[in-house]
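What follows is a set of notes on a single structure, which appears directly below.
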Amino acid sequence: MASPQEFINKKLQQRQLDGNYRTLKAENGLIDFCSNDYLGFARSPALRKLIDEEINSFTNTKNGATGSRLLSGNSMYTEETEQYIASLHGSESALIFNSGYDANLGLFSSLPQRGDTIILDELAHASIIDGARMSFANRYTFKHNDLTSLEDKLKLAKGICYVAIESVYSMDGDTPPITEIARLVEKYDANLIVDEAHAVGLYGFGLIDKDLRDKVFARVVTFGKALGCHGAVVLGSNLLRQYLINFARSFIYTTALPPHEIASVKTAYQYLQQSGDEIEKLKSNIQLFKQSVINNRYRLINSESAIQCILLNSNEQAKAVAAKLQNTGLDVRPILSPTVPTGSERIRICLHSSNTEQEITLLTDTINRFTDAG
């Protein structure tokens with residue numbers, strides 16, 4: 001019988017991990033084309049000053065939450081922040097979770113019941129998949145952004161049906177036909193759930209605007225991307241909020257976020273409303289990158305978001321190109337199978353409002369040179 005050590009070694013070898021790709025190379029002077037800090041909020045001295053001022057305005061602030069929110073970890077400030085976030089997103093209610101993973105895990109594991117149906121886009125985030133697996137509902141996936149495939153699965157649905165998509169996909173950076181999906185979901189009397197993690201920031205408060213809100217049952221927004229903080233929120237009805245408080249295990253059985261993190265989130269939302277210049281600069285950088293990548297050997301996935309991916313079709317090639325970029329001073333990481341399916345290995349590039357034209361030119365020139373050379 002194999003030992004745990006033998007099992008672990010075998011799995012690591014299968015994954016072809018290279019520890020160098022797990023280090024925080026941006027701290028070693030590399031130019032950041034890797035992090036989700038799209039608007040530079042996580043590094044912003046101005047935002048930090050505002051957060052400090054918000055925290056210093058408290059009286060008798062605790063360093064920690066001291067417990068779960070159902071015990072000692074709740075506060076009026078947290079609930080007021082939730083209502084503030086809900087109002088910005090045009091939602092009736094909001095419930096803060098400790099992370100985007102916790103939010104999706106809690107939502108998808110507690111809401112669908114045995115006899116219900118969950119239908120996921122095949123590229124849905126791992127947290128959505130894991131939450132769905134923990135439910136007792138029937139589960140289906142449909143081909144990425146494929147309306148015909150989605151309708152085929154909707155025809156198989158039983159009980160209450162939930163359809164889950166992302167407004168910007170974390171691995172491809174592309175956007176689904178949200179309006180058409182919403183119409184199709186409505187046609188089959190199903191319920192649409194949208195993860196807005198990578199849309200908030202570049203698209204203001206997200207891609208679910210006032211014309212779509214009534215067609216979306218719930219939204220998930222994370223604070224660790226463009227907002228530069230930590231945690232997440234589930235947006236929906238007051239009834240959904242009360243349900244999750246009582247049934248979402250990832251909410252119930254964990255220590256709440258500390259007061260300073262709630263203050264950081266609230267302040268980051270306020271700062272986002274003053275960040276029009278940074279958003280426009282990010283959009284300009286995205287277009288500059290897309291216009292400057294000129295090679296025909298490897299496909300650049302079609303994306304208008306800050307996430308840009310070049311398919312290199314093997315772990316070896318993805319690691320090789322990433323290493324060449326890092327040696328040039330650019331922090332770009334490879335995404336390897338089985339994180340992505342075999343044959344879709346890639347380098348994943350995250351663009352930021354803080355990237356200069358010279359940095360993007362260095363990036364694209366290097367990519368063009370090395371990918372053309374194979």
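Checked against the criterion of being at pLDDT below 90, surrounded by 11 or more Cβ atoms within 10 Å (Cβ to Cβ), of a type in the set (Ser, Thr, Tyr) and within 25 Å of His198 (Cα to Cα), region 44-51 has no qualifying residue. Between Ala190, Ala197, Ala182, the distinction of being of a type outside the set (S, T, N, Q) and touching a His at 6+ places or on another chain (Cβ under 8 Å) belongs to Ala197 only.
Only a single item in (1) open to solvent by less than 20 Å² (accessible area, probe 1.4 Å); (2) assigned to a strand (DSSP E or B); (3) over 28 Å from Lys283 (Cβ atoms); (4) not hydrophobic (A, V, I, L, M, F, W, C) is not met by Arg219, and it is number (3).
So which of Ile165, Ile181, Ile208 ends up being assigned to a loop (DSSP other than H, G, I, E, B), open to solvent by less than 10 Å² (accessible area, probe 1.4 Å) and touching a strand residue (DSSP E or B) at 6+ places or on another chain (Cβ under 7 Å)? Of Ile165, Ile181, Ile208, the one residue that is assigned to a loop (DSSP other than H, G, I, E, B), open to solvent by less than 10 Å² (accessible area, probe 1.4 Å) and touching a strand residue (DSSP E or B) at 6+ places or on another chain (Cβ under 7 Å) is Ile208.
Scanning region 143-162 for residues that are crowded, with 18+ Cβ neighbours inside 10 Å and more than 30 Å from Phe289 (Cβ to Cβ) gives Leu150, Lys153, Leu154, Ala157, Cys161, Tyr162. Do we find a residue being over 13 Å from the mean Cα position of the chain (by Cα), free of Cβ contacts under 8 Å to residues at least 12 places away in the same chain and open to solvent by 20 Å² or more (accessible area, probe 1.4 Å) anywhere in region 188-197? Within region 188-197, none of the residues are over 13 Å from the mean Cα position of the chain (by Cα), free of Cβ contacts under 8 Å to residues at least 12 places away in the same chain and open to solvent by 20 Å² or more (accessible area, probe 1.4 Å).
Spot the failing condition for Pro334; the list is (1) surrounded by fewer than 19 Cβ atoms within 10 Å (Cβ to Cβ); (2) of a type outside the set (D, E, K, R); (3) not in a helix (DSSP H, G or I), and only one is missed. Exception for Pro334: condition (1).
At least 3 residues being farther than 21 Å from Ala190 by Cβ is the threshold, and among the helices (runs of 4 or more DSSP H) wholly inside region 49-145 those reaching it are 76-88, 100-110. A count restricted to region 26-44 and to residues that are outside any loop (DSSP other than H, G, I, E, B) and closer than 15 Å to Ala226 by Cα stands at 4.
For Leu235, the requirement of being outside any loop (DSSP other than H, G, I, E, B), open to solvent by 80 Å² or more (accessible area, probe 1.4 Å) and modelled with pLDDT of 95 or more is not met.
Can you find a residue in region 255-275 that is modelled with pLDDT under 95, open to solvent by less than 10 Å² (accessible area, probe 1.4 Å) and assigned to a loop (DSSP other than H, G, I, E, B)? No, because not a single residue in region 255-275 is modelled with pLDDT under 95, open to solvent by less than 10 Å² (accessible area, probe 1.4 Å) and assigned to a loop (DSSP other than H, G, I, E, B). Out of curiosity, is Ile360 open to solvent by less than 10 Å² (accessible area, probe 1.4 Å), among the β-branched types (Val, Ile, Thr) and not in a helix (DSSP H, G or I)? Criteria not met by Ile360.
What residue, of Ile294, Ile279, Ile349, Ile307, is open to solvent by 40 Å² or more (accessible area, probe 1.4 Å) and among the aliphatic types (A, V, I, L, M)? Quick ask: steps written out before the conclusion?
Values: Ile279 fails: open to solvent by 40 Å² or more (accessible area, probe 1.4 Å); Ile349 fails: open to solvent by 40 Å² or more (accessible area, probe 1.4 Å); Ile307 fails: open to solvent by 40 Å² or more (accessible area, probe 1.4 Å).
After ruling out the rest, the residue left standing is Ile294.
The values are calculated or read from the model by the stated rules, or taken from the named source; none is laboratory data. This one's a predicted model, so the numbers in the text were calculated from it and none came from an experiment. When we count neighbours, we look across all protein chains shown, and the Cβ atoms used for this are built from the backbone with ideal geometry, even at glycine. Heads up: the accessible areas ignore ligands, DNA and RNA and are worked out on the full protein's heavy atoms, side chains in. Shrake-Rupley method; radii C 1.70, N 1.55, O 1.52, S 1.80 Å.
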